[in-house]
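Participant: Once you've had a glance at the structure underneath, I'll fire off some questions.
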Amino acid sequence: MDNRRLIRKPVAIGEALERLMALVPAPGTETVALADSFGCVLAEPVVARHDVPPFHRAPYDGYAIRSADSATACEQRRVSFRVVGRIGAGDVPARELGPGEAVRIMTGAPLPPGADAVVMLEQTVEDGQRFTVRKPFRAWENVSLRGEDARAGEVLIEQGSLIHPGVVALLATFGYTDVRVARRPVVGLISTGTELLGADEPLAPGKIRDSNGPMLAAQLARLGIPSRSYGFVRDDPDQAAGLVRRALRETDCVITTGGVSVGDFDYMPAIYERLGARVLFNKVAMRPGSVTTAAVWDGKFLFGLSGNPSAGYVGFEIFVRPVLLRMMGSRRPFLPYTQAVLMEDCPKPNPFTRFVRAVWRHDGQHPVVAPAGLDKSNAVSSIARGNALIVLPGGTRGFLKGAIVDVLLPGAEEGEAEWRIRES
Ligand code: AMP
Ligand code: MG
C-alpha cells in the first residue's frame, strides 16, 4: 500500500477528543487494599462512617475548664482553677468536672464531661495544683468540636475522584481497609523504528536509543497506570503487525510510536488497515503531533504517536491521558490548565495550535512561563526541562513577551472536567 495516497484530513483537537471520548467504555471496578489505592480513581464515594472528630477534643495542650467559671476573669481579678486530673491523647476522662475545677489536657484528648473550653498553657499562670486566667472564655472556645471536620453520613469525596494522599488519609480515618476503585487499564507500549537501540546498547552509526518507550511508561506511571513494554520493532510491516496484534490481545490499550508519517517506511497506517482497526483520525490540526493517529480494534484503543519525542509526549498528554483516565472513571481527565505571562517572544506563526514545552513558575507577582528550549518536534531536551505546555491557538501570528497565554500542567494530579482550551 502506498502511504502517500492516504487521505489525511486534519481534525481539530476538540473534535478528535470528542471522537475518542464518545467510545470510552464504562469503567470496570475492582477492590484494592487501602495501601494500594493511591493513584486509583474512586468507584464509590467516600462517605463519613462517623463524625470527625468522633468526640469533642483539645486542639492544644492546656486545661479543660467549664467556661462559665471564667466569666468574671480580668487583668485585675484573675480567676483561679484547681487542677484535679490529667488526660492524655487516647485516655478516657474519669469524671465530670465540678465548679472551679480544671483538668490538664493534651492535644487530641477528649474533653471531660462538663468541660466546654480549653485554656492554652500560654494563657495561664501556673502555681502548683492551681493556675489562674486573666480573661473569660466563651463556651466551646479552643475546642475541636465533634463532627466539625465531617459528619456521619456525609459524602466527602465523590466517585470518580483521584485517590491522592489526602484521600488515602480520609479513607484510613473511616476504616476503609478495602476500597472500590476503577480497574486500571494495562497499556502496551511498542516503539517502531529500524534505527532504535535499547538504553543499554552502545550508539552505532545511524542509530539512536529508544527514548519514547521509557518516556511513555513514565507518563503512564505518573497517572498510576501500569504498562507492559513490548520493546521495539524494525520498520517491517509483518513484524510490526504481529507485535501490535499480540499487544492488543494482551492489554487494554496499545500505544505505538513512530511510523505514522508518510515516509517510505511508515507502515503503521497499513498495519491498521491489515488489522481491520477503525481509524478515528490520522491527522490533527496541532503542532507538534499532527500525525497522531487513533483507532479502535475490538473495543480497544490503539494510539499511533509520532516517533518524534516532543510530538509523542504531547500526543500522549493531549489524547491518551484523557482516554485512559476516563476509562478509569475519572471525572476530570483533561490536563489542568492555567494562564501565565509569556516571558519570551514566540515569533513563529501558528497555522495550527502549537504546544510549546515550557517552564511554568510564579515570579512572586504573576505566574510566568517561558519555552523550555529547542521548540522542534524532534527535541528531547525541552521535554526534560519543561513542566508545562504553552498553548498557542491556531491561526495566530507569533506571541510577544508579556502576552497572557494558556498553559497546561501535565504534572498536576487532577485536571479539568472538560477540554476548554482555545484552538483558534
Ligand atoms: P517517525 O515518527 O517514525 O517518522 O520518527 C520521527 C523521528 O523520531 C525520527 O527522527 C526517528 O528516528 C525518531 N524516533 C522514532 N522513534 C523514536 C523513539 N522510540 N525514541 C526516540 N526517537 C525516535
Ligand atoms: Mg520511523
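Participant: Quick one: what are the phi-derived ³J(HN,Hα) couplings along segment 15-22, Karplus 6.51/-1.76/1.60 with θ = phi - 60°, whole Hz, x for glycine and proline?
Facilitator: Going residue by residue, I get 5, 4, 5, 4, 4, 5, 5, 5 Hz, with x marking Gly and Pro.
Participant: Could you order 80, 161, 424 so the one with the most accessible surface comes first? Probe is 1.4 Å.
Facilitator: Ranked list, largest accessible area first: 424, 80, 161.
Participant: Of 358, 311, 403, which is the most mobile in a GNM of the chain whose springs link Cα atoms less than 10 angstrom apart?
Facilitator: Looking only at 358, 311, 403, the largest GNM fluctuation is found for 403.
Participant: Is the shape of segment 176-254 best called rounded, prolate or oblate, per the rule: a/c under 1.5 gives rounded, else a/b larger than b/c gives prolate, else oblate, with a ≥ b ≥ c the square roots of the Cα gyration tensor eigenvalues?
Facilitator: Judged from the Cα gyration tensor, segment 176-254 comes out oblate (a/c at least 1.5, b/c at or above a/b).
Participant: Taking a ≥ b ≥ c as the square roots of the eigenvalues of the Cα gyration tensor of segment 349-424, is the shape rounded (a/c under 1.5), prolate (a/b larger than b/c) or oblate?
Facilitator: Working: a/c = 1.21, a/b = 1.09, b/c = 1.11.
Taking the square roots of the gyration eigenvalues as a ≥ b ≥ c, segment 349-424 is rounded.
Participant: Can you tell me the FRET efficiency between residue 177 and residue 413 if r is taken as the Cβ-Cβ distance and R0 is 22 Å, rounded to the nearest 0.05?
Facilitator: Between residue 177 and residue 413 the formula returns 0.40.
Participant: As a test, work out the antiparallel percent of DSSP beta bridges whose residues both lie in the chain, rounded to the nearest 5.
Facilitator: 70
Participant: Quick check on segment 332-392: take the gyration tensor over C-alpha atoms, sort the square-rooted eigenvalues as a ≥ b ≥ c, and tell me if it's rounded (a/c under 1.5), prolate or oblate.
Facilitator: Judged from the Cα gyration tensor, segment 332-392 comes out rounded (a/c under 1.5).
Participant: Compute the length gained on full extension between residue 80 and residue 249: take 0.36 nm times their separation in residues and subtract their Cα-Cα distance, giving the result in nm to one decimal.
Facilitator: Full extension from residue 80 to residue 249 adds 53.0 nm.
Participant: Also, quick follow-up: Which whole-angstrom value gives the distance between the alpha carbon centres of segment 327-352 and segment 3-64?
Facilitator: The distance from the Cα centre of segment 327-352 to that of segment 3-64 comes to 21 Å.
Participant: Let me ask something else about it. Have a look at 200, 36, 266 and tell me which one the Gaussian network model of the chain (Cα, springs below 10 Å) gives the largest fluctuation.
Facilitator: Of the options given, 200 has the highest mean-square fluctuation.
Participant: Would you mind telling me which residue in 71, 115, 379 has the biggest mean-square fluctuation in a Gaussian network model of the chain, where springs connect alpha carbons within a distance under 10 angstrom?
Facilitator: Maximum fluctuation in the GNM of the chain, among the listed residues, is at 71.
Participant: Would you kindly derive the ³J(HN,Hα) couplings of segment 332-342 from the backbone phi angles with the Karplus curve 6.51 cos²θ - 1.76 cosθ + 1.60 (θ = phi - 60°), listing them in order in whole Hz, with x for Gly and Pro?
Facilitator: Each residue's phi maps through the Karplus curve to give 10, x, 8, 4, x, 9, 8, 10, 8, 7, 6 Hz.
Participant: Quick one: angle between helix 237-250 and the longest Cα principal axis of the chain, in degrees between 0 and 90, rounded to 10, please.
Facilitator: Roughly 30 degrees, rounded to the nearest 10.
Participant: Per 0.36 nm of contour for each residue apart, how much would the distance between residue 18 and residue 279 grow if the chain were fully extended, relative to their Cα-Cα spacing?
Facilitator: Contour length minus Cα-Cα distance gives 92.6 nm.
Participant: Counting DSSP beta bridges in segment 119-249, what percent are antiparallel, to the nearest 5?
Facilitator: So the antiparallel bridges in segment 119-249 amount to around 30 percent.
Participant: Once R0 is set to 22 Å, what does the formula 1/(1 + (r/R0)^6) return for the Cβ-Cβ distance between residue 36 and residue 155, expressed as a FRET efficiency to the nearest 0.05? If you can, show how the numbers build up before the last one.
Facilitator: Values: r = 23 Å, r/R0 = 1.05.
Efficiency computed from Cβ-Cβ geometry: 0.45.
Participant: For the cross-link pairs 283/401; 207/348; 283/376, which exceed 21 Å when the distance is taken from alpha carbon to alpha carbon?
Facilitator: 283/401; 207/348
Participant: Residues with amide H under 5 Å of residue 157's amide H, sequence separation 5 or more or different chain, H placed in the peptide plane at 1.01 Å from N; which?
Facilitator: 46
Participant: A further question on this structure: Would you please give the FRET efficiency between residue 200 and residue 26, computed as 1/(1 + (r/R0)^6) with r the Cβ-Cβ distance and R0 = 51 Å, to the nearest 0.05?
Facilitator: On the way: r = 41 Å, r/R0 = 0.80.
According to the calculation, E is roughly 0.80.
Participant: Ok, one more. Can you tell me the orientation of helix 212-222 relative to the chain, as the angle in degrees between its alpha-carbon axis and the longest Cα principal axis, to the nearest 10?
Facilitator: Taking Cα atoms only, the helix is inclined about 20 degrees.
Participant: State, as an integer percentage, the relative contact order of the chain based on alpha-carbon contacts under 8 Å between residues 6 or more apart. It would help to have the intermediate numbers written out before the result.
Facilitator: Numbers: 1024 pairs, mean separation 68.2, N = 424.
Across the chain, relative contact order equals 16 percent.
Participant: Further question: Out of residues 5 or more away from residue 141 or on other chains, whose amide H comes under 5 Å of its own, with H placed 1.01 Å from N in the peptide plane?
Facilitator: Under 5 Å from the amide H of residue 141 lie the amide H atoms of 118, each far enough along the sequence or on another chain.
Participant: Give me the percent relative contact order of segment 192-347, please, defined on Cα pairs under 8 angstrom at least 6 residues apart.
Facilitator: Over segment 192-347, the number comes to 18 percent.
Participant: If you plug each phi of segment 170-175 into the Karplus form 6.51 cos²θ - 1.76 cosθ + 1.60 with θ = phi - 60°, what whole-Hz ³J(HN,Hα) values come out, in order, with x for Gly and Pro?
Facilitator: Values, residue by residue: 5, 4, 5, 3, 9, x Hz.
Participant: Using 17 Å as the cut-off for backbone N distance, which residues of segment 48-91 belong to the label zone defined by a point 7 Å from the Cα of residue 121 along Cα→Cβ?
Facilitator: Inside the label zone: 58-65, 83-90.
The values are calculated or read from the model by the stated rules, or taken from the named source; none is laboratory data. Just so you know, these numbers come straight off a predicted model, no measurement behind them. Glycine also receives a Cβ, built like all others from the backbone with ideal geometry; neighbour counts cover every protein chain displayed. Ligands, DNA and RNA are excluded from the accessible area calculation, which covers all protein heavy atoms including side chains. Shrake-Rupley method; radii C 1.70, N 1.55, O 1.52, S 1.80 Å.
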